[in-house]
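Below is one structure, written out as structure tokens; the observations come after it.
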Protein chains: 2
Amino acid sequence: LNYPKFEVTILGCGSATPGAGRHPSAQALHHFQDVFLIDCGEGTQDRLKEFDVKWNRINQIFISHLHGDHIFGLPGLLSTFHLNRRERKIQIFSPTGLRGPLEFLLQTGGESLSFEIEWVELNHEGSKKVWESDRLEVEAIPLDHRISTYGYIFREKEHPRSILVEELSRFPKLNHLQLRSLKLGLDVHLESGENVPNALVTEKKLEARSYAYWSDTRYHSEYSTILSGMTTLYHEATFLDYLKDKAQLTYHSTAKEAAELAKLSHVKSLLIGHFSSRYASVMEHQKEAQQIFPQTFAVEEGKTYEVV
Amino acid sequence: LNYPKFEVTILGCGSATPGAGRHPSAQALHHFQDVFLIDCGEGTQDRLKEFDVKWNRINQIFISHLHGDHIFGLPGLLSTFHLNRRERKIQIFSPTGLRGPLEFLLQTGGESLSFEIEWVELNHEGSKKVWESDRLEVEAIPLDHRISTYGYIFREKEHPRSILVEELSRFPKLNHLQLRSLKLGLDVHLESGENVPNALVTEKKLEARSYAYWSDTRYHSEYSTILSGMTTLYHEATFLDYLKDKAQLTYHSTAKEAAELAKLSHVKSLLIGHFSSRYASVMEHQKEAQQIFPQTFAVEEGKTYEVV
């Protein structure tokens, strides 16, 4: 029994000032057949193409905040969808204030888009579920940056339970709907009056997985409450520990702080990114974080990381 | 006696739909120490960096029209100037309608820029001089595209005349100001009452050069009047001749049409670009044009072409 695909392709892991060969923030999160785009810095459409992401599967875009290095790829990507005659609606989640300038800018071309955009503008405190499908739900949580910023948690719903074939063979043959009920965790009552107890004939094989995107933000230990037990955390690590004052001042985090939060939250793995262009190599970021949280990966653009 | 630098670096020579490894429109025109940016498709700042253009010398940006593939790199470039703490004013020339959405979008970052933008919005008929320095003047001319579009002509002013040392030795020694007057083409009247006739002691060594940027537009033979005798013409050649109906319909040109115009205008060289992504190679464009106008170059990104 294998887990269905749940992995993230890094499209850009640089910060606002270009440099060091890194691009501004963007990620493609793959779950089953779906692709979710998280942030969309300039040139994201080029990277989607370069890294062979199936971008016609993108139906939701989640924007953390309205700094240019997280949004300036949106006009180009949406225009290209239009030139490709996309018809399916796209949903864009972001802090309030994106719709106006984006629509204004897209109008300069003199045409209306071939598809509808559903703008979901966020302006809430605390955690809030903003989207869900049969398989996944997405929460948006305010972070601590210079302007309104949201982190996103992508949480799998429960996987279907596995049938214990040998145990089930002791009961009369079940039909398709009855089997489905068992997989969903329900008992089945047969016409004969007999009961098929779920706990006896099924087992839980797959744990639900989760992915959190935490960028850009200052470090706060309190985030460990909401991140507790998550599978994979992506946390910004703009600076190294020796610049922790600068991180505080500019509302960013250090690699060490990202690792502290991962440790406090008992996540399984930590991805760090959003590196300042002053660092040509980020091996130091990885080392600094691994001293506190060994299962840390300093991400590289074009690489895909499994949510495990 | 050498000509001072006058050359153009191609940053992007693709059209609106991405593909074939080409990027959207942008060029860096170098003249003496100045760099002028012409159009600014998405990712232009990356290409400026990649091709080592001295972008802090850019003080003027000329935008042909407001389709996304000519402007979506502006927000990122201006933001990067800001992050680099640029203080010098920048002038942006474009058809009316760019300032509003750009300023709106740049405001989402929550900060005002470190430098001033002077917006020069164009809305005129016929040819109009929109900028000049001691050495160069720039005219904007309406083209024929789906939305308001301007071509730009960069015209050198007269170069200083060269002193004929032997001829001049027959006159008393001149001071610095008097020599400068001669180079500017003026006669010099000595205190003795003697006259130094300019035509006798100087000669014109360098012809003034000129560069025209003609994109995006339908072909019109009438443009040859204004382009007459220009040095180098850059003309869009989105399609090949077999798609001339499509070119007409979408307000674009073919390689053959670009060459026809170059021939009619008696320019010295023709650069063609803005190639449709349907063409993996543009050797056919070059061949088609060269049959009519031999001195044609199908441009390549990252290459620099002299204005000769």
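The values are calculated or read from the model by the stated rules, or taken from the named source; none is laboratory data. Keep in mind that this is a model prediction, so the values were computed, not measured. Because the Cβ atoms are built from the backbone with ideal geometry, glycine has one as well, and the counts that use them run over all protein chains shown. Heavy atoms of the whole protein, side chains included, go into the accessibility calculation; ligands, DNA and RNA do not. Shrake-Rupley method; radii C 1.70, N 1.55, O 1.52, S 1.80 Å.
Against the conditions (1) of a type in the set (A, V, I, L, M); (2) within 26 Å of residue B:41 (Cβ to Cβ); (3) within 18 Å of the chain's Cα centre (by Cα), residue B:208 satisfies every one except (2). Report yes if residue A:229 is out of contact with any helix residue (DSSP H, G or I) (no Cβ under 6 Å at 6 or more places or on another chain), open to solvent by 10 Å² or more (accessible area, probe 1.4 Å) and over 22 Å from residue A:295 (Cα atoms), otherwise no. When the stated conditions are applied, residue A:229 does not pass them. Of the residues making up the range B:254-308, those that are more than 12 Å from residue B:234 (Cα to Cα) and aromatic (Phe, Trp, Tyr) number 3.
Being in contact with a Phe, Trp or Tyr (Cβ under 8 Å, 6 or more places away or on another chain) and of a type in the set (S, T, N, Q) is the filter here; which residues of the range A:252-303 pass it? A:253, A:254, A:265, A:269, A:276, A:286, listed by residue number. For the range B:15-39, a residue qualifies if it is open to solvent by less than 10 Å² (accessible area, probe 1.4 Å) and within 11 Å of chain A (Cβ to nearest Cβ), but none of them does.
Looking only at the range B:116-151, residues that are surrounded by 20 or more Cβ atoms within 10 Å (Cβ to Cβ) and small (Gly, Ala, Ser) come to 2 in all.
Checked against (1) open to solvent by 20 Å² or more (accessible area, probe 1.4 Å); (2) on the phi < 0 side of the Ramachandran plot; (3) more than 11 Å from chain B (Cβ to nearest Cβ); (4) at pLDDT 95 or above, residue A:52 passes all but condition (2). Among the residues making up the range B:77-115, a single one is crowded, with 16+ Cβ neighbours inside 10 Å and among the basic types (Lys, Arg): B:86. Does the range B:152-160 include one or more residues that are open to solvent by less than 70 Å² (accessible area, probe 1.4 Å), hydrophobic (A, V, I, L, M, F, W, C) and within 28 Å of residue B:24 (Cα to Cα)? Yes: the range B:152-160 contains one or more residues that are open to solvent by less than 70 Å² (accessible area, probe 1.4 Å), hydrophobic (A, V, I, L, M, F, W, C) and within 28 Å of residue B:24 (Cα to Cα). Taking the stated definitions as given, is residue A:74 in contact with a Cys (Cβ under 9 Å, 6 or more places away or on another chain) and within 14 Å of chain B (Cβ to nearest Cβ)? When the stated conditions are applied, residue A:74 passes them. Scanning the range A:212-230 for residues being closer than 24 Å to residue A:24 by Cβ and hydroxyl-bearing (Ser, Thr, Tyr) gives a total of 5.
Please work out if residue B:97 is within 11 Å of chain A (Cβ to nearest Cβ), over 22 Å from residue B:215 (Cβ atoms) and either of a type in the set (Gly, Ala, Ser) or within 19 Å of the chain's Cα centre (by Cα) (or both). Spell out how you get there, then give the answer.
Details: within 11 Å of chain A (Cβ to nearest Cβ): yes; over 22 Å from residue B:215 (Cβ atoms): no; either of a type in the set (Gly, Ala, Ser) or within 19 Å of the chain's Cα centre (by Cα) (or both): yes.
So residue B:97 fails the test.
In the range A:6-28, which residues are modelled with pLDDT under 95 and in a loop (DSSP other than H, G, I, E, B)? First the steps, then the outcome.
Our first condition is that a residue be modelled with pLDDT under 95; within the range A:6-28, this holds for A:16-21.
Correct list: A:16, A:17, A:18, A:20, A:21.
Would you mind listing the strands (runs of 3 or more DSSP E) fully within the range B:226-308 where at least 1 residues are of a type in the set (Asp, Glu) and at pLDDT 95 or above? In the range B:226-308, B:232-236, B:304-306 are the strands (runs of 3 or more DSSP E) which contain 1 or more residues that are of a type in the set (Asp, Glu) and at pLDDT 95 or above.
Determine, yes or no, whether residue A:155 is more than 23 Å from residue A:59 (Cα to Cα) and either more than 14 Å from every other protein chain (Cβ to nearest Cβ) or touching a His at 6+ places or on another chain (Cβ under 9 Å) (or both). No; evaluated as a whole, the condition is false for this residue. A single member of A:235, A:159, A:252, A:220 is closer than 21 Å to residue A:4 by Cα, in contact (Cβ under 8 Å) with a residue 12 or more places away in the chain and under 27 Å from the mean Cα position of the chain (by Cα), and it is A:159.
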